[in-house]
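Each remark here refers to the structure printed beneath this line.
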Amino acid sequence: MKGLLANYEEAAAIILFCIGFSTLLFHRNMLKKIIGLNIMDTGLYLFLASMGYIDGARAPILTDVNAINMADYINPVPSALVLTGIVVSVSVTAITLSLTVRLYSKYRTLNLDEIYAIARRTEKEEF
Amino acid sequence: MKLDKERFNAWLNDDPDRLNGMEEMAEIPYPPRERIKEKRQELQERIDAQPVGQISFLSRKFWQRVYSVFAVICCAVMTVVLLSTVAELPRFGEYRDTINELTERYIVSGLKETGAVNIVAGIILDYRAFDTLGESFVLFCALNCVLILLRIDSSDDVRHHELYFNLAHDDILRKSALFSIPIVFVYGIYVLLNGHLSPGGGFSGGAVIGAGIILLSIAYGERASGALISEKVFKTVCCCALAFYGVAKSYSFFTGANHLHSIIKPGTPGEILSGGLILPLNIAVGMVVACTIYGMYRMFKKGRF
Amino acid sequence: MDFICNFPFFSIVLCLLSAVVCSVLSGKAARRLTLCVEFVLVCLALTLLVYTVRTGESFNYTMGHVGAPWGNELRIGVLEALMASAFMIVLFASVLGGGTYIVRDITEKKRNLYYILLNLMGAALSALVYTNDIFTGYVFLEILTLTSGGILMIKSTGKTTLAATRYLIINLLGSGLFLLGVILMYDLTGHLLMEFMHGTVSELEATGEYAMPLRVTTGLICAGLSIKSGLFPFHRWMPDTYGNATPTSASLLSGVVSKGYIFLLIKILYRVIGTDSPAVGAAQNVLFVFGLCGIIMGSVSALRQESVNRMIAYSSAAQIGYIFVGIGLGGHMGFCAAIFHILTHAVTKPLLFLSAAKLTEASGGSPVFSNLTGAARRAPFSAFMFTVGALSMVGFPAFAGFISKLFFSVAAVTHSSAQSVVTLCVLAVSTLLNAFYFFRTVIRIYTPSEDVSPLVYKDWGFMVSSSLFLILNLVFGLWSQSIYRIIVSGLRMLA
């Protein structure tokens with residue numbers, strides 16, 4: 001518990017991740033699933049960002065070129081990973097959203113259970 | 001003048017008749033929410049009409065229920081386990097083990113080796129450039145998937161539900177867009193060009209520019225934005241920029257791995273024309289991102305350019 | 001450094017560039033370009049295989065001017081070259097063999113998009129196999145996921161869209177877990193290159209620090225990758241996906257995509273965490289149990305299907321189970337069996353999917369069993385190829401499937417008593433079930449029927465590619481000793 005309080009930012013990130021994960025898993029509405037996906041990814045990026053943070057240090061943009069002191073800057077690697085990760089999650093969101101558009105224009109509902117029900121009924125006609 | 005005032009009042013009162021795109025609205029007899037409700041009721045009736053077996057040990061429903069209960073328990077257990085893991089990790093904000101020779105070299109000699117004042121830009125476009133190359137191809141892949149799903153190729157396949165809200169002739173939007181669009185573009189270009197000097201870079205700058213083009217398209221109609229980016233421009237820019245990115249980075253990978261002499265120099269740190277390949281790569285990435293974002297917007301809106 | 005060492009890098013960049021070029025080509029030209037590129041990839045990978053077997057050691061390839069641990073790296077050993085060759089051959093042959101169905105299922109204007117995705121998939125697979133950097137692995141894993149979703153949804157019926165949605169959602173859950181695992185691993189070790197991570201992990205294990213986070217991280221990585229590859233109980237997207245996709249997509253998904261994830265898992269287990277670590281031991285036990293369940297559930301469900309595509313799809317779920325049983329048994333022989341089964345399955349499943357598609361086409365287009373009666377008279381060559389695939393899957397001697405079952409039994413026997421008894425029983429039962437559902441189909445297609453209207457056209461692409469699969473099956477079955485030696489030396493290099 002003490003560890004959790006000390007690592008409050010990481011703990012919050014993990015809670016966000018789990019909220020997103022369960023939303024993605026359990027919600028039957030496509031849009032809510034996509035929101036869950038984004039919450040999950042955001043949780044991961046928050047986790048990365050808080051991992052690289054050091055109290056009192058600055059962002060890794062050098063100000064004085066002649067005197068570079070390691071302790072002045074936060075860890076730049078997690079920031080670089082976040083940048084890469086964000087683009088991946090944007091791409092995934094775009095694809096899932098366009099799948100949703102397609103599903104809606106075909107089945108006229110966003111609820112996956114209803115879509116399955118309709119699809120199962122029309123299954124025999126469409127081989 | 002009087003007309004303008006009338007229109008303004010109507011706009012304030014949210015009078016739908018004053019909004020454009022009413023032709024499409026006329027086709028829809030009542031708001032979508034109720035339609036959905038009705039549809040759902042109809043569906044539920046049809047589902048109810050099907051014979052439902054008893055929930056027995058072998059029925060599909062029973063197993064589905066077991067499945068979902070099991071999944072809920074799994075998620076709860078996962079949360080607890082992950083939280084207890086976090087409690088054991090190094091303390092937040094402290095100087096920790098991940099500060100090692102890796103970060104030391106990035107910070108201490110990053111400037112000398114890449115010429116980028118912004119260490120993160122140096123990492124993603126020089127030290128770990130292969131990741132970033134992959135990442136821009138993730139975006140390319142997403143663009144192609146969106147094209148697959150939403151591009152309309154034949155004229156008989158028109159989407160009808162698209163233009164429920166069309167703000168193309170809204171006065172306030174137009175006037176404010178007139179002021180903000182140049183600022184957005186200039187800001188985007190600034191972020192793009194200064195990626196190696198300050199926070200920013202190809203992806204963020206490209207996203208800002210893409211958003212500016214989308215704003216242009218919303219406020220002034222697709223003809224305005226179409227004049228800026230037609231399908232031909234879109235294709236040419238995307239392909240050329242991606243190909244340039246691939247070839248330039250391959251050159252630096254190849255020379256690096258084979259210990260050949262590379263013609264790319266880091267330049268004087270702090271100046272705009274420095275950072276070796278970082279600036280041209282940022283520009284290429286920015287163009288790809290701007291085009292991709294706008295292209296995706298068009299696909300979602302209309303299904304074609 | 002020899003010039004050959006550049007080949008892995010060439011194959012990745014070649015794929016990426018040809019993907020960009022394909023976006024301005026017509027469908028037909030894109031197909032030609034893709035086939036050429038894939039043929040070149042096969043040649044590059046085979047050359048690398050010969051080179052690494054001859055030199056007998058692995059090499060690292062720095063991507064950029066700055067070496068390890070600061071830059072990205074590729075690493076090529078015998079096993080990586082073997083996997084890349086197998087994947088590239090399957091990619092080439094599936095694209096070649098499914099040509100008529102690509103034309104049938106995909107509208108003309110979207111055909112070049114399909115080839116863009118296939119090129120990107122080639123790049124992602126090569127990068128995934130060769131990478132030495134765990135985060136590069138994640139990025140290319142996502143490309144693989146998105147391209148495989150894309151080649152599913154390109155057949156624009158409602159059912160494929162739905163199947164693609166389901167596939168993507170399951171895969172995204174897996175990616176999320178995997179990414180969390182990668183991030184935690186970085187937090188614990190401070191490195192992203194595999195051998196440096198391994199160095200820190202073994203230090204941590206020696207001191208006993210962070211034992212619990214290390215276990216959780218291992219679990220997350222295993223869970224993420226096994227969800228993505230379709231291990232029980234996450235196999236339920238398979239029948240819809242494989243049953244409805246265009247045959248090339250189905251064979252690629254079952255033949256190479258899920259295998260790519262599994263190979264990455266094996267690589268991480270060997271090179272990052274180390275197979276002798278207690279964390280890996282715990283994860284292996286879990287994977288073992290789920291693998292066994294997967295075998296049984298997959299085979300039983302395959303028995304109950306009414307259409308041939310869905311039957312092959314459930315059989316895929318069972319085969320994934322086999323591979324995970326091999327990983328779960330662990331040890332030298334277990335991993336060897338798993339890798340051999342990856343190869344076997346990769347060269348057999350596409351053959352089954354492609355020939356089943358031909359049989360279905362010859363019987364009027366519906367893949368339900370009652371429709372397929374007597375299909376062998378209408379398409380004798382495809383029926384022969386289907387029979388070959390079925391025999392190999394069942395484990396008939398002289399085919400690859402027999403050897404992989406043999407390896408599994410050997411792995412089980414050399415293991416502790418409880419696990420070995422269970423594995424042997426499950427192997428026996430599942431072989432019986434396999435034989436039952438595959439021979440039922442074979443007998444049905446050879447049953448004489450009244451209406452005989454043979455397929456009129458000759459599909460050279462299908463003939464060449466299915467012969468290629470047949471030859472590979474025989475090669476793996478008859479020269480298994482040399483393949484075994486290659487795998488063994490590859491595993492030794494991996495560690």
Item to check | Neighbour-count ranking [beta-carbon atoms within 10 angstrom, fewest first] of C:SER156, C:SER26 | outcome: C:SER26, C:SER156
Checklist entry - Once you sort the root eigenvalues of the Cα gyration tensor of the stretch C:58-184 as a ≥ b ≥ c, which label holds: rounded (a/c under 1.5), prolate (a/b larger than b/c) or oblate (the other case)? => result oblate
Item to check | Anisotropy class of the stretch A:1-68 from Cα gyration tensor, a/c 1.5 cut | outcome: oblate
Item to check | Rg(Cα) / (2.2 N^0.38 Å) computed for the protein assembly as shown, rounded to two decimals | outcome: 0.94
Checklist entry - Rounded if a/c is under 1.5, else prolate if a/b is larger than b/c, else oblate: which is the stretch B:115-301, with a ≥ b ≥ c the root eigenvalues of its Cα gyration tensor? => result oblate
Checklist entry - Across the Cα atoms of chain C, what radius of gyration and what greatest pairwise Cα-Cα distance (Dmax) are found, in Å? => result 21.5, 75
Checklist entry - Exactly which trypsin sites (Lys or Arg not before Pro) in the stretch A:1-83 are in a DSSP loop and have at most 14 other Cβ atoms within 10 Å? => result A:ARG28
Item to check | Loop-exposed trypsin sites (Lys or Arg not before Pro) per DSSP, neighbour cap 15 Cβ within 10 angstrom, longest uninterrupted part of chain C | outcome: C:1-303
Next on the checklist: Sort C:115-124, C:178-187, B:252-261 by packing, meaning the average of other beta carbons within 10 Å per residue, with the highest value first.
Outcome noted: C:115-124, C:178-187, B:252-261
Item to check | Sparse-neighbour loop sites [GluC sites (Glu not before Pro); the stretch C:25-95; at most 11 other C-beta within 10 Å; DSSP] | outcome: C:GLU57
Item to check | For the stretch C:358-491: span of alpha carbons on each principal axis (Å, largest first) | outcome: 55, 29, 19
Checklist entry - Going by how many other beta carbons lie within 10 Å of each one, how would you line up C:THR423, B:THR114, fewest first? => result C:THR423, B:THR114
Checklist outcome for this item: Residues B:SER180, A:SER22 in order from fewest to most other beta-carbon atoms within 10 Å are B:SER180, A:SER22
Checklist entry - Among all the lysines, which ones have a C-alpha under 18 Å from B:LYS249's C-alpha, if same-chain residues fewer than 8 places away are not counted? => result B:LYS265
Next on the checklist: Could you work out [θ]222 nm for the protein assembly as shown from helices alone, using -39500 (n - 2.57) per DSSP H run of at least four and dividing by all its residues? Round to the nearest 500 deg cm²/dmol.
Outcome noted: -24500 deg cm²/dmol
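All of the numbers you see were taken from the coordinates with simple rules; none came from a lab. Small disclaimer: the values here were computed from a predicted structure and weren't measured. Cβ atoms come from the backbone with ideal geometry, glycine included; neighbour counts cover every protein chain shown.
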